[in-house]
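**Student:** Starting off with a structure, shown below.
The values are calculated or read from the model by the stated rules, or taken from the named source; none is laboratory data. Just so it is clear, the structure is predicted and the values come from calculations on it, not from any experiment. Ideal geometry is used to build each Cβ from the backbone, glycine not excepted, and the neighbour counts take in all protein chains shown. These accessible areas exclude ligands, DNA and RNA; they are computed on the full protein's heavy atoms, side chains included. Shrake-Rupley method; radii C 1.70, N 1.55, O 1.52, S 1.80 Å.
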Amino acid sequence: MTEKQLAKSRQRLEAFTQEMLAPLGRSERRHWGGVYVRGLLLDGERKSVGAMIPRLPEGNEQALQQFVSQSPWPWEPVWERLAIEARRQPGEAFWIVDDTSFPKKGEHSVGVQHQYCGALGKLANCQVAVSLHQSGPTGSRPLAWRLYLPETWTQDPARRKAVGIPDALAFHKKWELALELLDQARAWGVPDRIVLADADYGDRGEFRTGLEQRGLSYAVGITSQLVVWAQPPRPRVPRRRGPGPAPKRLRYGNQAPESVKAWAQKNEDRFRTVTWREGTKGAMKSRFWAQRVQTAHHWQFGQPPGKTVWLLVEWPIDEPEPTKYFLCDLPGRPSVRWLVQVAKSRHWVEQDYQQMKEELGLDHFEGRSWTGWHHHVTLVMLAYGFLQRERRRRRDKSSLDAAAPPA
């Protein structure tokens, strides 16, 4: 970029941060917020405060540390301002629920525990956060976050106090945090989108039921051992025998649901090749089969059959068995190709995590506090939102240039 282009870009960045940081109130907070975001955007491997200071002429380490880790400014109003842009996102888009991990060496950072760390692919000390993203061909961005707090943290008053966890905050499973995020986005007026999630969420009958109760369509991954009713069962309630309350739990007798893997293998000859999009190495295609099924969550405890949804299975031609399974509850009468296109649209969230970590230091926060973690994540969201704006601006300009008549 030329010096003139850089100057204009900086002007746009300052206008963007002032607009988004307006809920912070005090001018000095907005100033240091803008400085922090600029530090995240500048080149450099580490994006912690100490590492950014040499790259920021007006940087003040003590002021920035206080602004991020201790200043009591609210972060959710900033998220809401970013969500306003998501309301205006044109064309097809999805809501993607996922979680990401932040490896930590010590044991004192808020929420850290020895647990599965996706970033390292093994059990390790780390934080885990659940996030909601709105993603589509015209852009992808996180809308909100929830830091997962293990029960060892929520049940330890001393640890909670040391890092500033709010008193009212209770333990929630990750799928419960995901539903909270969806409720928050809807409260901000973001239009409903089809919800995508991997098997960590899709296997949870409670999560799918939560989506259905909210009237949200979905396409979620599941594991091969999840059971479904391929044919509608005929459960019955046993007659009451003797005194006492009448039985309420359904009994299925000799009927039993089958695993999605077993059901797919019985239909091996029905798999067909489907192309869903163009990748960097050409058309992306594989073999798929889809069938209407009823979910069987807690059927062994007398629960009734669940909603009728689509079971979608992928079985690449060079694999000995199916490799991926999805449950899809989409409106209308979707084609198999449409089911595949929707179910295969989770790739945007991986790109978001990768870019926010590698380019903007999402996992570089070195503090321990609840407030500091949320402040850092919020400022990373701002930096990422600005990059998305700039990419969209360049894309729109390129489209206009291409459409303009030759001079």
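**Student:** Please give the FRET efficiency for residue 192 paired with residue 298, using the beta carbon to beta carbon distance and R0 = 30 Å, rounded to the nearest 0.05. Show your work: numbers first, answer last.
**Tutor:** On the way: r = 27 Å, r/R0 = 0.90.
In this case the efficiency is close to 0.65.
**Student:** Further question: What's the long-distance tail for the stretch 86-135, i.e. % of Cα pairs beyond 13 Å?
**Tutor:** Counting pairs separated by more than 13 Å, the tail of P(r) holds 61 percent.
**Student:** Taking the simple approach of a point 7 Å from Cα along Cα-to-Cβ for both residue 366 and residue 256, what is their distance in nm?
**Tutor:** 5.8
**Student:** Please report, in whole Å, how far the alpha carbons of the stretch 9-152 spread along each principal axis, starting with the longest.
**Tutor:** Here the spans come out as 44, 43, 29 Å, largest first.
**Student:** Ok, one more. Would you please give the FRET efficiency between residue 76 and residue 120, computed as 1/(1 + (r/R0)^6) with r the Cβ-Cβ distance and R0 = 25 Å, to the nearest 0.05?
**Tutor:** E between residue 76 and residue 120, to the nearest 0.05, is 0.25.
**Student:** May I pose another question? Rounded, prolate or oblate: which one fits the stretch 217-368, using the alpha carbon gyration tensor with axes a ≥ b ≥ c (rounded when a/c is under 1.5, else prolate when a/b beats b/c, else oblate)?
**Tutor:** It comes out oblate by the Cα gyration axes.
**Student:** So if I take the centroid of the Cα atoms in the stretch 91-111 and the same for the stretch 182-203, what is the distance between those two points in Å?
**Tutor:** About 16 Å separates the Cα centre of the stretch 91-111 from the one of the stretch 182-203.
**Student:** Among residues other than residue 153 whose Cβ falls under 15 Å from its Cβ, what is the net charge (Lys/Arg +1, Asp/Glu -1)?
**Tutor:** Here the charged neighbours net out to +4.
**Student:** Moving to a separate point now. Once the piece of chain linking residue 28 and residue 272 is laid out straight, how much longer is it, given 0.36 nm per residue of separation minus the C-alpha distance between them?
**Tutor:** 81.8 nm
**Student:** Still on this structure: Using a Förster distance of 35 Å, how high is the FRET efficiency between residue 10 and residue 107, based on the Cβ-Cβ distance and rounded to 0.05?
**Tutor:** The formula returns an efficiency of 0.30 here.
**Student:** Mind listing which trypsin sites (Lys or Arg not before Pro) in the stretch 118-202 are in a DSSP loop and have 15 or fewer other Cβ atoms within 10 Å?
**Tutor:** Sparse-neighbourhood loop trypsin sites (Lys or Arg not before Pro): 173.
**Student:** Write down the accessible area per residue of the chain in Å², having rolled a 1.4 Å probe over the full set of protein chains.
**Tutor:** 51
**Student:** I've got another one for you. Using label points projected 7 Å from each Cα along Cα→Cβ, tell me how many nm separate residue 236 and residue 336, to one decimal.
**Tutor:** Result: 3.8 nm between the two label points.
**Student:** Would you tally the net charge around residue 255, using a Cβ to Cβ cut-off of less than 11 Å, leaving residue 255 out, and scoring K and R as +1, D and E as -1?
**Tutor:** After counting each charged neighbour, the total is +2.
**Student:** Next question, about the same structure. Note the full-extension length gain between residue 183 and residue 351 as 0.36 nm times their separation in residues minus their Cα-Cα distance, in nm to one decimal.
**Tutor:** 58.1 nm
**Student:** Let me ask another. Below 8 Å, C-alpha to C-alpha, sequence gap of six or more: please give me the relative contact order for the stretch 285-407 in percent. Provide the component values of the computation, followed by the final result.
**Tutor:** On the way: 102 pairs, mean separation 17.6, N = 123.
Dividing the mean separation by the residue count of the stretch 285-407 yields 14 percent.
**Student:** Hey, quick one: spin label on residue 323, modelled 7 Å out along Cα-Cβ, who in the stretch 268-287 has an amide N within reach, i.e. under 11 Å?
**Tutor:** Zone members listed by number: 285-287.
**Student:** Just checking the chain: which Cys have no other cysteine's beta-carbon under 4.7 Å?
**Tutor:** Among the cysteines of the chain, those whose Cβ sits 4.7 Å or more from every other are 328.
**Student:** Longer than 28 Å from Cα to Cα, which of 281/307; 105/173; 174/281 are they? Say none if no pair is.
**Tutor:** 281/307; 174/281
**Student:** If you don't mind, another one. Go through the stretch 247-288 and name the trypsin sites (Lys or Arg not before Pro) that are in a DSSP coil and have 13 or fewer other Cβ atoms within 10 Å of their Cβ.
**Tutor:** Hits after loop and neighbour filter: 248, 249, 281.
**Student:** Consider the candidate values (i) 62, 51, 37; (ii) 77, 50, 31; (iii) 79, 68, 38; state which one is Cα extents along the principal axes in Å computed from the structure displayed.
**Tutor:** (iii)
**Student:** Checking the cross-link filter: which aspartates and glutamates have an alpha carbon closer than 18 Å to that of residue 261, excluding same-chain neighbours under 8 positions apart?
**Tutor:** Straight-distance partners of residue 261: 198, 200, 203, 269, 314, 318, 319, 321.
**Student:** If each residue of separation counts as 0.36 nm, what is the full-extension length gain between residue 156 and residue 60 once their alpha-carbon separation is subtracted? Let's see the in-between values first.
**Tutor:** Details: separation 96, 0.36 × 96 = 34.56 nm, distance 3.51 nm.
Gain on stretching residue 156 to residue 60: 31.0 nm.
**Student:** Within the set of other residues whose C-beta is less than 14 Å from the C-beta of residue 72, count the net charge using Lys and Arg as +1 and Asp and Glu as -1.
**Tutor:** Value of the local net charge: 0.
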